[in-house]
Structure formats: C-alpha cells, structure tokens
Ligand SMILES: [Zn+2]
C-alpha cells in the first residue's frame, strides 16, 4: 500500500496557503488499489481536492486494496452522516464485521453526548485503519477522518484497537471543532504549544474508555480497573510537585512522538496531560453529578460544543476557546461561578488531586490499597549482565529507593546481605519483608561504593472495586448515580 501523511509527503510554497489544491494519484498498474481519504472527490476517481493548504495537510490518504464498511447516523433536522471504516489488514471479514459493530455502538454513545455528530464537512467520516504486522502504532485525529495504525491484529488486539478508535472519533468534537485558540491557525513550521492538552487530549482520554463502557463492551469491574489506572497515575505522580496540567500540556513537543535520546528525569518531573487530564475529567464528572442536580461532564461538553464547537458552515470553526472560556463555561453550565473558579484554581492552574475516594463512593466504588501488607521500595528496573545489575531508569521521588540515594546508572551489589543480580533476585528479597523493615543496601555509584539503609514502606498503589464485588450492598442512590454515569446515552 501507499499511506501518505501529507506534511511528510508534500512541500508547499509560502504565500499560496489559501489556494485550492488538487492532487491526482497514480496507483501501480495492475494493482487493485483504491483511495480512502477525507479529501473531496471529483468526477475522476483518482483526482481529489482540498479547499486550501490547511485542509490538504490535514487529509492523510491510504491507497490500497482495503476493505470498506459503512453505516449512517441520523441527526437533528433530517441530517445524515456516513461513518466508514477503510481497513487494510491481514485478518478476516468476520473480524472486521465484529469490529465495525463495536465501533458503531461506541460512535452512537458519543453522538448521544453531543446530540449530533461533529457535523462532518461532507457528511462523511472515515477511519483509515492499517493493522499490519509491519505498521507502527499510532492514532491521529483529523477533521473528517482519523489514521489508526498498529502492528497488532483484530484477532489479538481488538480491545486496545477499539480504545484508539473511540479516542480519535471523540476528537472530531473535542480538538477538531471545540478547538484551542493556541493551535489555530496551525503553524506547520512551528511547535504550536498549547496550555489546554489536559482538556483536548485528557478529557478525550477520559471519554474513550467511558463510552466503550457505556456501549456495554466493558464490565463495571473492568472499567473500575481503568479508573484505578488514572487515579494511581494522578495521586502518586511526583511530577505534580513541579508543574500544573497547563504546564504539562506545554511539554507536548518533548513527549508526544518527538522524543530525544538525551537522558531526562521525566519519570519525576512529568505527568502525562492525557492521564492527568483524564483524572481531571473524572473528578469533574463525579463532582458535577454529586453536587449539581441533573449536571454532568456530558452536559459541560455539550455546552462547550454549542458555544465554541458547532460550525456554522463547511470547513469553519465556530470560536476557538481559551482557558478562561473553559472556566466561564463551567460557571455558566453549573450555575456556580465560585465552584468553577475554585475547581480551576485547584486542579487546572494548581496541582491538587481530587478526593477520589469520596467522589467514587457516590457511585458505590471503593478506593483502597491493593497490597496493604506488601513491602514497597519503589519501582526499580535493572539491566542484568554477567557483571551484575544496573539501575536502568530513574528512581521515583518519595520512594524508599530514592530516599536511600539510588540513581539511574548505579550498580546494585547486595541487599539484606544477599547479592542482587537480576530483578527476580530483587523481587524475592522484597517478598520476604514487610512494611517498616530496614534492609542494608550496597551499591556502586560513580566509582564509589555506597552503604545505605532502605526503609521499606507500604505499597501505595490503589485499586477501585465495585462495592457489590467486595461483599457490600449498593444503596439505591449509588445504583442510580452509577447508572447515570456508566449507563448508555445512545438513542436506540
Ligand atoms: Zn488524542
């Protein structure tokens, strides 16, 4: 196949950005390749058009013998949008049918939140999917399409692939049309830093899993485990000491794909705006549902859509938003500007973590330690070779290993008097100890031997468990709360 990512495939002339673009593709003779793209079709099936450079650059194009599935979504005012999956893979048609069915359910849940599709410019949205062993994994949102690629297959990885599909489709509203003023117009020659990726990516990350749950494709306990991942990341991350979600958003050019080989201390200084943003979305959703009759994050997203997102005409943006717009809309939607001001001060401009235990309790979900009796030293990754075990990634601030002075590049000699030659040795030593125990630790650091005492702590990792699975009874209020949060919103 030929898969064209336009900014990587075409050069352009400065000053001509506003001109319409036409491109004619020439597949190899004898191939059965067709064209899948959000570009605008013409009378010639190989010639495609764009209104200007920005739309052209935003229109990745797949030429291959892909398989197509499509369905329609009815909207208000008799509007109909067609959703298509153009899949290039080595699997079966039956696998694609099952995947298209799951995708259709998730799309319906997302449409239920906004009351309509993202009003695709030509009433068509296309998932351009390449699930091939030699493909690299990614998902990238575009205005009327997405590219989702993976080395895995529908047979093995349908759940993970559906999460990306769900994520990218939600971007049709949140990112493509509810759009930060900082990335509009997009500068193809610069980094386009934005303070709002905790919202654009993070809230999208929150909804990608939530709408799969609402579609009935995850159990409450499977969804609770995903909630626990978010809560653990936000509550335990040392990076929260240094930067707010707005500041983390500015680090995108250093962490999202454009990584460098230089060593950094990101495990201690960075918390992904995807995860943290999902944690803010979770906290806000539960706070709105618990504190404001009939309100939820769904309603807030719809208010953002109506104020800033829904385009008045083809290719247009309604009104790109600022952080102040996000805060004001929360005040207007909740009817409580003090709540909105406080929420943004603490969790968006500030670095607090919401009180997840109290928030989740309303939904009948228990937050508590997974291994309250396990000894904890902090994450330790070791590169083992014949000479011993070398610490291969940063130790985490706040953990016993960090307090003992262990750093990346150190060589662990012994712990508790026993040699440590591998991660397995290390885990065996820890398993025989309890929180509060002290363990002598010997390691080599920058050419000298260090003798320290490791004071083992309680494992801080948390789990989220539906009450009824912990042998407790769900109250009627909790049952209703959970149904409103995790129940279907799709129109059937
Ligand atoms: Zn995203």
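Some points to look at:
- When we screen 201, 176 for residues that are at pLDDT 95 or above, farther than 30 Å from residue 466 by Cβ and either more than 14 Å from the ligand (Cβ to nearest atom) or within 20 Å of the chain's Cα centre (by Cα) (or both), the only hit is 176.
Yes or no, residue by residue, for (1) under 28 Å from residue 370 (Cα atoms); (2) surrounded by fewer than 16 Cβ atoms within 10 Å (Cβ to Cβ):
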{"residue": "399", "(1), (2)": "yes, no"}
{"residue": "402", "(1), (2)": "yes, no"}
{"residue": "428", "(1), (2)": "yes, yes"}
{"residue": "431", "(1), (2)": "yes, yes"}
{"residue": "440", "(1), (2)": "yes, yes"}
{"residue": "449", "(1), (2)": "no, yes"}
{"residue": "453", "(1), (2)": "yes, yes"}
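For (1) modelled with pLDDT under 95; (2) within 14 Å of the ligand (Cβ to nearest atom); (3) in contact with a strand residue (DSSP E or B) (Cβ under 6 Å, 6 or more places away or on another chain), each residue gets a yes or a no:
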{"residue": "126", "(1), (2), (3)": "no, no, yes"}
{"residue": "131", "(1), (2), (3)": "no, no, yes"}
{"residue": "136", "(1), (2), (3)": "yes, no, no"}
{"residue": "141", "(1), (2), (3)": "no, yes, no"}
{"residue": "166", "(1), (2), (3)": "no, yes, no"}
{"residue": "171", "(1), (2), (3)": "no, yes, yes"}
{"residue": "183", "(1), (2), (3)": "no, yes, no"}
{"residue": "189", "(1), (2), (3)": "yes, no, no"}
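- Verdict on residue 233 being more than 12 Å from the ligand (Cβ to nearest atom), part of a helix (DSSP H, G or I), surrounded by 16 or more Cβ atoms within 10 Å (Cβ to Cβ) and touching a residue at least 60 places away in the same chain (Cβ under 8 Å): no
- Residue among 311, 263, 253, 267 that alone is over 27 Å from residue 360 (Cβ atoms) and not in a loop (DSSP other than H, G, I, E, B): 253
- Test result for residue 491, touching a helix residue (DSSP H, G or I) at 6+ places or on another chain (Cβ under 9 Å), in contact (Cβ under 8 Å) with a residue 12 or more places away in the chain and outside the structural domain of residue 296 (by TED's automatic domain parsing): yes
- Any pair with Cβ under 9 angstrom, 6 or more apart, that starts in the stretch 92-105 at a residue that is part of a helix (DSSP H, G or I) and ends at one that is modelled with pLDDT under 95: 105/490
Conditions tested, residue by residue: (1) without any contact (Cβ under 8 Å) to a residue 12 or more places away in the chain; (2) outside any loop (DSSP other than H, G, I, E, B); (3) crowded, with 20+ Cβ neighbours inside 10 Å; (4) outside the structural domain of residue 366 (by TED's automatic domain parsing).
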position	(1), (2), (3), (4)
130	no, yes, yes, yes
143	no, no, yes, yes
156	yes, yes, no, yes
160	yes, yes, no, yes
188	no, no, no, yes
205	no, yes, yes, no
209	no, yes, yes, no
225	no, yes, no, no
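- Among the criteria (1) part of a loop (DSSP other than H, G, I, E, B); (2) surrounded by 18 or more Cβ atoms within 10 Å (Cβ to Cβ); (3) touching a strand residue (DSSP E or B) at 6+ places or on another chain (Cβ under 9 Å), the one residue 490 does not fulfil is (3).
- Out of 85, 113, sole residue that is under 22 Å from residue 214 (Cα atoms), assigned to a helix (DSSP H, G or I), in contact with a helix residue (DSSP H, G or I) (Cβ under 7 Å, 6 or more places away or on another chain) and in contact (Cβ under 8 Å) with a residue 24 or more places away in the chain: 113
The values are calculated or read from the model by the stated rules, or taken from the named source; none is laboratory data. Since this is a predicted model, take the numbers as computed values, not measurements. For neighbour counting, all protein chains shown are included, and Cβ atoms are generated from backbone atoms with ideal geometry for every residue, glycine included.
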